[in-house]
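The values are calculated or read from the model by the stated rules, or taken from the named source; none is laboratory data. The structure displayed is predicted, hence computed values, not measured ones. Neighbour counts run over all protein chains shown; Cβ positions are idealised from the backbone, glycine included. Please note that ligands, DNA and RNA were not included when accessible areas were found on the heavy atoms of the full protein model with its side chains. Shrake-Rupley method; radii C 1.70, N 1.55, O 1.52, S 1.80 Å.
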2 protein chains.
Amino acid sequence: MKRITIYDVAKEADVSLATVSRVINGSEVVREDTRVKVQEAIEKLGYKPNAIAQGLALQKTTTIALIVPEASYFYTGQIINGLIDVAKIYKYNLMLHTTTEGITEMNDIIENIIKSRVDGVVIFNDKLNKEELNQLTKYQVPIVVIGNKMSDETVGSVYVDYSSLVYDYAMDCIAKGKKRLALIEDRKNPAMIKQLRDGLSRAYKENGMEFDGYIEIPKEYRSSYLFLKEYVKDGVPYDVVITYRDSQAMAVMNTVKEAGMNIPDDVELVCILDSKYNSMARPQISGFKIPDYDLGAVAMRLLTKMLTDENDVPDKEIELSYIFTPRKSTK
Amino acid sequence: MKRITIYDVAKEADVSLATVSRVINGSEVVREDTRVKVQEAIEKLGYKPNAIAQGLALQKTTTIALIVPEASYFYTGQIINGLIDVAKIYKYNLMLHTTTEGITEMNDIIENIIKSRVDGVVIFNDKLNKEELNQLTKYQVPIVVIGNKMSDETVGSVYVDYSSLVYDYAMDCIAKGKKRLALIEDRKNPAMIKQLRDGLSRAYKENGMEFDGYIEIPKEYRSSYLFLKEYVKDGVPYDVVITYRDSQAMAVMNTVKEAGMNIPDDVELVCILDSKYNSMARPQISGFKIPDYDLGAVAMRLLTKMLTDENDVPDKEIELSYIFTPRKSTK
DNA sequence: TTGAAAGCGCTAACAC
DNA sequence: GTGTTAGCGCTTTCAA
């Protein structure tokens, strides 16, 4: 099947290509009968406008690039859904880029993005390098970052303040007499863990103490489970153990149980990033409901706003809140 | 910053735009010193070729469209990673499209894909409509579908034969005297469940029996857990319960345990789609390791092959195998 | 209301 | 080895 173009339609409908263009773009000025004539020609030939040519002519691609860390779909899934749903509404397409653990081909990706002339970029990445971002802003590409608080001329952000999340939680614990809190390292999310440590330190300091419950997982251990198995066997000197992801919470739960202790009686357990698996564990694990879908949806909405309202979107820094969901692993 | 084009570079380097084009495309014929001169101009101006214009001129976009069911990132994540890794190697970009549960805007997506003139399409969708696919093939877009066995002129497929997977497993069970197998409905994956039922029926028929262990979840129950809680309380009249997803396996595990029974002594449990959560459950749940990453990687490789070798790729139907991972939920 | 024609930025013959 | 030029398919003035 020959590639059929606007010229073919014009010829078929016996009008100029300008008129066809007007019809497909819903211009008001076209007379009804010629509009119909053109429509029929379009139908008959099965014509679909070439978005690439349109993009070139209009200097806009109606696609936005999305950068997410590879292999993070577990906790990125809902965010992506949020992004996509809103993108659909505004007729934007999504170009998916992923950054691989460790390897920083972030520069390749940025290069690629610039070349593809997307209208905007959404970045969801733990370890975000300010310099790399500058690359993008230099080319005037509007950006929204998810998860990190930051903004300037062309970048907006949507995030949850994890630092104050744990801060609040820790303050509450301490007030209730649970002064020994532990935070488990998460190799996959160093930046996140840093935020959490900061929040904890702050809460301790305010109570005239120093936070010393950070539990690192020695490199020789392949998994948190293996390490915790050892770590936990002579008892857990903490009131509450905090983990970032569900799988780590489950590792704590399993090892603690296997060491003959009880949750929440001997030690309480909280998982920051809640998931359905938390409620499948026994006892069910308490967690913070993070508005992941909204993070995506709001980010995309913000971006479209930046795209249309050009250079004045007042609130380019949007903080979303969370909800603590107490279950059976805390008292 | 003004958008800088190939003309600007040409002027800066004092050559024609054709020469610049040759340089950026790595043409051999350019003399070394002019190549250097052009390179310098490119650097100096920060020029990045416009992929849209290239796409228009070359009639190829080097991007391929990806269609996945929304909210399925949990079990699609690794597949996407496989796709992306290979796509990167061949310098293809990925356009992400998602189909929403129920709503069939598949037609919108296809329309969109045709307009965007992608070079190829990868479809990963449970309920794939042959007609919709024809839309695409009509426009000569090479397609690879993941998960469904099918192929013709312009479509290839990469899949795991779940039907024979359960068939083999059931045959084995029956041979060992475990004749009462159950399969739990999975509302999210009707097509998959159908395959599984077929495989089980086949195995039973070959043993002169009829499969009657399909457990439907009545609509009034909001979750498998709630239903199973009821269902299980007077005992489970099966030797082995089979579920598709990990969360269902966990629902079975929890309800069975809560009803005072023991896994695997009172009833065995197997999860088709294995995941890390299966090994975090206690007892750990047996499952089939599906090569999800490879499904993606192989699919993309196949597509690139179809894209380059045009009309003769011999094996356009690729079956991948699986590995049974026995854990503690089976004997 | 419609058409002619000049771009959008790049590639690829074809000339020189 | 390098430049000229005709597209690629579409949008958008500017005239008519």
Q. Going through region A:138-161 one residue at a time, which ones are more than 23 Å from residue B:48 (Cβ to Cβ) and not polar (S, T, N, Q)?
A. A:146, A:147, A:149, A:150, A:156, A:158, A:159, A:160, A:161
Q. Under 30 Å from residue A:312 (Cβ atoms) and modelled with pLDDT of 95 or more: does that describe residue A:163?
A. yes
**Q.** Scope region A:56-76; condition at the interface with another protein chain (Cβ under 7 Å from one of its Cβ atoms) and more than 27 Å from the chain's Cα centre (by Cα); matching residues
**A.** A:56
Q | Residues of region A:218-243 that turn out to be modelled with pLDDT under 95, touching a strand residue (DSSP E or B) at 6+ places or on another chain (Cβ under 8 Å) and away from chain B (no Cβ under 14 Å), as a count | A | 2
Q) Is it the case that region A:35-58 has a residue that's more than 16 Å from DNA strand D (Cβ to nearest atom), of a type outside the set (Val, Ile, Thr) and either without any contact (Cβ under 8 Å) to a residue 24 or more places away in the chain or exposed (fewer than 12 other Cβ atoms within 10 Å of the Cβ) (or both)? A) no
Q. Restricting the first residue to region B:4-19 and requiring it to be closer than 21 Å to residue A:138 by Cβ and of a type outside the set (D, E, K, R), which pairs with a second residue that is within 9 Å of DNA strand C (Cβ to nearest atom) and open to solvent by 40 Å² or more (accessible area, probe 1.4 Å) meet a Cβ separation below 6 Å and a spacing of at least six or different chains?
A. B:6/B:17; B:7/B:17
Q.
Given the criteria within 12 Å of DNA strand C (Cβ to nearest atom) and aliphatic (A, V, I, L, M), does residue B:87 qualify?
A. no
Q. From A:18, A:53, which residue is under 23 Å from residue B:94 (Cα atoms) and among the aliphatic types (A, V, I, L, M)?
A. A:53
Q.
Within region B:9-29, take every residue that is under 11 Å from residue B:41 (Cβ atoms) and more than 8 Å from DNA strand C (Cβ to nearest atom) and give me the one that is nearest to the other protein chains (Cβ to nearest Cβ).
A. B:23
Q. Restricting to region A:36-55, what's the tally of residues that are more than 8 Å from every other protein chain (Cβ to nearest Cβ) and closer than 14 Å to residue A:119 by Cα?
A. 1
Q. Out of (1) modelled with pLDDT of 95 or more; (2) within 30 Å of residue B:244 (Cα to Cα), what's the single condition that is false for residue B:77?
A. (1)
Q: Could you tell me whether residue B:270 is among the aliphatic types (A, V, I, L, M), outside any helix (DSSP H, G or I) and modelled with pLDDT under 95?
A: no
Q. Does residue B:155 satisfy the criteria of being open to solvent by less than 10 Å² (accessible area, probe 1.4 Å) and within 25 Å of residue B:224 (Cβ to Cβ)?
A. no
Q) Can you find a residue in region B:175-187 that is surrounded by fewer than 17 Cβ atoms within 10 Å (Cβ to Cβ) and acidic (Asp, Glu)? A) no
Q. Could you say whether any residue in region A:62-79 is within 15 Å of DNA strand D (Cβ to nearest atom) and farther than 30 Å from residue A:131 by Cα?
A. no
Q.
For region A:9-29: of the residues being more than 11 Å from DNA strand D (Cβ to nearest atom) and among the aliphatic types (A, V, I, L, M), which is most open to solvent (accessible area, probe 1.4 Å)?
A. A:15
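Each row is one residue, and each column tells you yes or no for (1) open to solvent by less than 50 Å² (accessible area, probe 1.4 Å); (2) more than 29 Å from residue A:68 (Cα to Cα); (3) not assigned by TED's automatic domain parsing to the domain that holds residue A:145.
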position: A:242; (1), (2), (3): yes, no, yes
position: A:260; (1), (2), (3): no, yes, yes
position: A:270; (1), (2), (3): yes, no, yes
position: A:278; (1), (2), (3): yes, no, yes
position: A:283; (1), (2), (3): yes, yes, yes
position: A:306; (1), (2), (3): yes, no, no
position: A:316; (1), (2), (3): yes, no, no
position: A:326; (1), (2), (3): no, yes, yes
position: A:331; (1), (2), (3): no, yes, yes
Q: Could you look through region B:192-216, keep only residues that are surrounded by fewer than 15 Cβ atoms within 10 Å (Cβ to Cβ) and assigned to a helix (DSSP H, G or I), and pick out the one that is modelled with the lowest pLDDT?
A: B:194
